[in-house]
Amino acid sequence: MAGGIGRWRGRPGRERHRGRRGELPISLASPAYRLATLRRRRLAAALSATLLVGAGALATVQLTPPRYAATSVVSFVPRPNLLASADTVQLVGQKYVVLATSPLTLEAAGSALGTPAGPLTGATAAVLGAGTGNVAVTVTLPDRARAADAANAVAAVLVRASRSDQLVEGEQTAPAVPGTAELHPPRLLLRSAAVLAAVLAGLLVWTALAGLVRPRETQQDGRTVAIR
């Protein structure tokens, strides 16, 4: 027993601490341990960036006030006693697209609603359907009922203006309804964009820290060891 202890004590320190396969165990100062630590920090940083960006983007989406877009359609057709072509109707329809967003029209619509025309100035848009005489008037406001009333008021102004038109006459064919007003911006689309931004932020951090977890070759016990 004493001889065995003596032989054990007589072995060099490096020989005593060899593992089963002749490999040195990983210590706190070894390159492998440092590599594992850097990888954990890299993963933690990427996850933190993902969570922070995701939480911030989703909070912004939730705090964004909703707006509702209501659309009213006015159809323009040639007058019965005038044989106007489809191209003529299209040209005249462009005039009513411009008229729909003009200050005089918005002031008249605001007067009909009992509100100033200011809020309608940047909230009203008009589009002429391709190959048709249909002018779609869309008003976007925080309240869906007020948006529908405003769109119908602008459409009514266009119909009255067409009464003195010598080429076409207008009729409101699809009044705006509060229940069909579209929510702007779409919350589902914004949430998807927020999740995508969070994932991209995490990948960016992960990629930016890639160089920190690639230790160069180091010397250990006189041998060159490459940590992969």
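The values are calculated or read from the model by the stated rules, or taken from the named source; none is laboratory data. Keep in mind it's a predicted model, so treat the numbers as computed, not measured. Here the Cβ is made from the backbone with ideal geometry for all residues, glycine too, and neighbour counts use every protein chain on show. These accessible areas exclude ligands, DNA and RNA; they are computed on the full protein's heavy atoms, side chains included. Shrake-Rupley method; radii C 1.70, N 1.55, O 1.52, S 1.80 Å.
So how much slack lies between Asp143 and Ala210, counting 0.36 nm per residue of separation and subtracting their Cα-Cα distance, in nm?
Taking Asp143 through Ala210 to full extension adds about 19.2 nm, to one decimal.
Using the Karplus relation 6.51 cos²θ - 1.76 cosθ + 1.60 with θ = phi - 60°, the per-residue 3J(HN,Hα) values for the stretch 96-105 come to 6, 5, 5, 5, 4, 10, 6, x, 5, 5 Hz, with x marking Gly and Pro. For Thr88 and Ser164, the difference between the fully extended length at 0.36 nm per residue and the C-alpha to C-alpha distance is 25.7 nm.
Can you figure out the FRET efficiency of Val127 with Ser102, using R₀ = 22 Å and their beta-carbon distance, to the nearest 0.05?
0.90
3J(HN,Hα) along the stretch 153-165, derived from phi through the Karplus expression 6.51 cos²θ - 1.76 cosθ + 1.60 where θ = phi - 60°, amounts to 5, 5, 4, 5, 5, 5, 5, 5, 5, 6, 5, 9, 7 Hz, with x in place of Gly and Pro. When Glu169, Glu182 are compared by accessible surface with a 1.4 Å probe, the order from highest to lowest is Glu182, Glu169.
Rounded to whole Å, the principal axis extents of the Cα atoms in the stretch 63-163 read 52, 26, 18, largest first. Evaluated on the stretch 38-101, the Kirkwood hydrodynamic radius is 17.5 Å, with distances taken between all distinct Cα atoms. Accessible area of Thr138 (1.4 Å probe, protein heavy atoms only, ligands and nucleic acids ignored): about 40 Å².
Backbone amide hydrogens, once placed in the peptide plane, bring Asp143 within less than 5 Å of Tyr68, excluding anything fewer than 5 places away on its chain.
Computed over the Cα atoms of the stretch 81-138, what is the ratio Rg over Rh, Rh following Kirkwood? Using Cα coordinates only, the ratio equals 1.09.
Extension gain for Ala44 to Val77 (0.36 nm times residue separation, less C-alpha to C-alpha distance): 5.3 nm.
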